[in-house]
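Chemist: Sharing a structure here in structure tokens format.
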Amino acid sequence: MEPNLIPVPRAVVPRPGVLTLGRDTALTAPDGHAAAFLRALLRRATGFPLAPATPASTTVVELRLDGPASLGREGYLLDVTESGVVLTGHTDEGLFRGAQTLRQLLPPEIESPAPVEAAWTLPHGTVEDAPRYAWRGVMLDVARHFFDVSAVKRFIDRVVPYKFNVLHLHLSDDQGWRLAIDGYPRLTSHGAATAVGGPPGGFFTQEDFKEIVEYAAARYLTVVPEIDVPGHTQAAMASYPHLSTQEAPELYEGVEVGFSELAIHRDATYAFLDEVFGQVAALTPGAYLHLGGDEALSTTAEDYATFMSRTLPLVGKHGKTVVAWQEAASAPELPPGVHLQYWRPTTEEVPEALHKAVGEGAKLIMSPADRAYLDQKYSEDAPLGLVWAGTVGVRQSYEWDPEALVPGAEVVGVEAPLWSETLRTPDDLDHMLLPRLPGLADVAWSAAPRDWPAHARRLRAHTARWDAAGITAYHRSPELAE
Ligand code: IFG
């Protein structure tokens, strides 16, 4: 069993011997996303038919759903022997996660987007695995710069091999509103017209959004939409000035934050949010709706409290659980099940309000900026990224423990935000994601202790997989050198 699996599984027992898949290899599996995904992946690179097994089949890859309940929703057992592969889950989602491990046990050529010749070998052995955290997320900011459906699908393709299961889309900000809302056409006709540095802007129609949700769901990624309020709202207010106390709110193309706030004391603001949250919730099969709440630097504490008191209930009204950035901890009352996303650097004191909210049952998603913010530069001289949280190297984004920052808190998981102030193309996204993303996947999935030399070794092996996949823009980090 080759040792370059990321995230590191719970238990790997290598055995001598190698299985080689061939043209007559059969694939037998229950209908579902796991089988569809694995068959498509294997066929695409090998050109093999991978038809269901027959009594004459000599090598069989079998997916089974009779795994014990102890595997949970995402656990799996993988056994490779001379007669084939048996991948067992308790759910199809568990089979899907196990399929990513099977994928990584195959040579890098399995990532090829077109058939190639290769020795399709699998080392004998077993893997028993299940995730440490339930929330293993990535966030894409489509507001500062817009990324269309195909770019979002490509972003999803980058995170699936590393067992992420949440796709948080930051859909609105000062520079752009990126999702069409019925009844509020100017949000996109006007509010989506530009971006950081100027046009082009762009937006998702509700059909586009459904297409993203469907693509994500087929890969067991839950989409978490974010409508960021009361700050980060200049595009909405430029589109509908009645939502603002500014004289004539204009579209904004800079990179400052904290200057915008919705009209806190106006009923129209909450009618607007009720409508928006209702439509976003209806488009979202996932259980969560993120209302932002960050950097309301132009809003007094009492106005922020008033705003949250009137806004938080609207999310529950539309059947969703609230996710919000950590500042929402200061709301007078937090709804049950609220997930607060911790984003300030680990060097800062944890605010008293956050300790209080945690004490009252708030759950934490850990995204400390100096560890998990993939929009931060790799190093001072890096071409892309911001540096307000300092540079975030490959080792720094890997070597941390989500439990260490807020003792006693219920940490539901980890999420890696990718803000797009300085990012304009899918290659820009690839550059910031790789090679840091796999380390965050390891932090989110694996209970194994951090081991940088071993992780660096695994990453060196993974660059060949990215090459085979045709990913050209990943950062060639000197940190990976032996
Ligand atoms: N902070 C802002 C983001 C973005 C980020 C860039 C949060 C929660 C800095 N808010 O992170 O809008 O500008 O690193």
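Chemist: What tally of residues in segment 139-151 results from selecting those that are out of contact with any Gly (no Cβ under 7 Å at 6 or more places or on another chain), hydrophobic (A, V, I, L, M, F, W, C) and within 14 Å of the ligand (Cβ to nearest atom)?
Modeler: Residues meeting the conditions: 3.
Chemist: Take E226 and decide whether it is at pLDDT 95 or above, within 14 Å of the ligand (Cβ to nearest atom) and in contact with an Asp or Glu (Cβ under 8 Å, 6 or more places away or on another chain).
Modeler: No: the conditions fail for E226.
Chemist: Still on this structure: Identify, please: which residue in segment 52-85 is open to solvent by 50 Å² or more (accessible area, probe 1.4 Å) and under 26 Å from V116 (Cβ atoms) and is, among those, modelled with the lowest pLDDT?
Modeler: The selected residue is T58.
Chemist: Return the pairs, sorted by first residue and then second, in which the second residue is among the aliphatic types (A, V, I, L, M) and in a loop (DSSP other than H, G, I, E, B), the first residue lies in segment 322-344 and is in contact (Cβ under 8 Å) with a residue 24 or more places away in the chain and closer than 16 Å to G258 by Cβ, the beta carbons are less than 8 Å apart, and the residues are 6+ apart or on different chains.
Modeler: Partner pairs satisfying both residue conditions: E327/A296; A328/L334; A328/V338.
Chemist: Of everything in segment 1-33, what is more than 24 Å from the chain's Cα centre (by Cα), among the polar types (S, T, N, Q) and surrounded by 13 or more Cβ atoms within 10 Å (Cβ to Cβ)? Give them in sequence order.
Modeler: Answer for segment 1-33, where residues must be more than 24 Å from the chain's Cα centre (by Cα), among the polar types (S, T, N, Q) and surrounded by 13 or more Cβ atoms within 10 Å (Cβ to Cβ): T25, T28.
Chemist: With the condition being among the β-branched types (V, I, T) and buried (at least 23 other Cβ atoms within 10 Å of the Cβ), I'd like the helices (runs of 4 or more DSSP H) fully within segment 139-255 carrying at least 2 qualifying residues.
Modeler: The helices (runs of 4 or more DSSP H) meeting that bar are 149-159.
Chemist: Test L38 against the criterion of being closer than 21 Å to E111 by Cβ and crowded, with 21+ Cβ neighbours inside 10 Å, and give yes or no.
Modeler: yes
Chemist: Within segment 383-400, how many residues are away from the ligand (no atom under 15 Å from the Cβ) and more than 20 Å from the chain's Cα centre (by Cα)?
Modeler: Adding up the residues that qualify gives 1.
Chemist: Which residues, taken from segment 34-51, are closer than 18 Å to T20 by Cβ and under 24 Å from the mean Cα position of the chain (by Cα)?
Modeler: Answer for segment 34-51, where residues must be closer than 18 Å to T20 by Cβ and under 24 Å from the mean Cα position of the chain (by Cα): L38, L41.
Chemist: Considering (1) hydroxyl-bearing (S, T, Y); (2) under 30 Å from the mean Cα position of the chain (by Cα); (3) within 19 Å of R310 (Cα to Cα), say which one T245 fails and leave the rest.
Modeler: Among (1) hydroxyl-bearing (S, T, Y); (2) under 30 Å from the mean Cα position of the chain (by Cα); (3) within 19 Å of R310 (Cα to Cα), T245 violates only (2).
The values are calculated or read from the model by the stated rules, or taken from the named source; none is laboratory data. For clarity, every value in this text was computed on a predicted model and none was experimentally measured. Because the Cβ atoms are built from the backbone with ideal geometry, glycine has one as well, and the counts that use them run over all protein chains shown. Side chains included, ligands, DNA and RNA excluded: accessible areas come from the protein's heavy atoms. Shrake-Rupley method; radii C 1.70, N 1.55, O 1.52, S 1.80 Å.
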